[in-house]
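Structure first, then comments.
The values are calculated or read from the model by the stated rules, or taken from the named source; none is laboratory data. Model, not experiment: these values are computed from the prediction. Note that we place each Cβ from the backbone using ideal geometry, even for glycine, and neighbour counts take in every protein chain shown. In case anyone asks, the SASA skips ligands and DNA or RNA and just uses the protein heavy atoms, side chains included. Shrake-Rupley method; radii C 1.70, N 1.55, O 1.52, S 1.80 Å.
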Amino acid sequence: LQNALEIVKKNIEDIKVVVSGCGAAGFTCAKYFITLGVKPENLIACDIKGVVHKGREDLEDKDNYLNEIATDSSVRTLQDAIKDADVFFGLSVGGLLKPEMLKSMNRDPLVFAMANPNPEIGYYLAKETRSDV
């Protein structure tokens, strides 16, 4: 992340990050991004139920680990969360990131599509969608 931000000339404290997938890998990466300098209010994590937010019913249990990365944001879907995002960090499911979602991201978006075996968006589709990806 740090090297990619240097290439696109963005500061870590100014970026908006969307993490898709909140299993062990996604959760740990989200926490790590905050230690690197991403502002917690600029990080939105999503899982199969949508945005991980503080008002979600399944997060009423204070011991739920997702509370550590839950947002106060009013957005509730990945499609809304990704608008104006600088970074998409995918550890979720293949085909999830649609071209229109990629188009809604900020300039020079950083896309880490790592779902296995098929990424959230394929390399060639991403490059067809935006030349600055």
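Within the range 15-49, being of a type outside the set (A, V, I, L, M), in a strand (DSSP E or B) and in contact with a Leu (Cβ under 7 Å, 6 or more places away or on another chain) holds for Ser20, Cys46. On the basis of being crowded, with 17+ Cβ neighbours inside 10 Å, out of contact with any His (no Cβ under 6 Å at 6 or more places or on another chain) and not β-branched (Val, Ile, Thr), does Leu59 make the cut? Judged against the criteria, Leu59 is not a match.
With respect to Pro40, is the statement that it is at pLDDT 95 or above, farther than 19 Å from Ala115 by Cα, in contact with a helix residue (DSSP H, G or I) (Cβ under 7 Å, 6 or more places away or on another chain) and of a type outside the set (Asp, Glu) true? When the stated conditions are applied, Pro40 passes them.
The residue that is least open to solvent (accessible area, probe 1.4 Å), counting only those in the range 15-39 that are without any contact (Cβ under 8 Å) to a residue 24 or more places away in the chain and of a type outside the set (Val, Ile, Thr), is Ala24. Within the range 101-125, residues that are closer than 13 Å to Ile82 by Cβ and part of a helix (DSSP H, G or I) reach partners that are open to solvent by 20 Å² or more (accessible area, probe 1.4 Å) and hydroxyl-bearing (Ser, Thr, Tyr) with beta carbons closer than 6 Å, at six or more positions or on different chains, in the pairs Leu102/Thr129.
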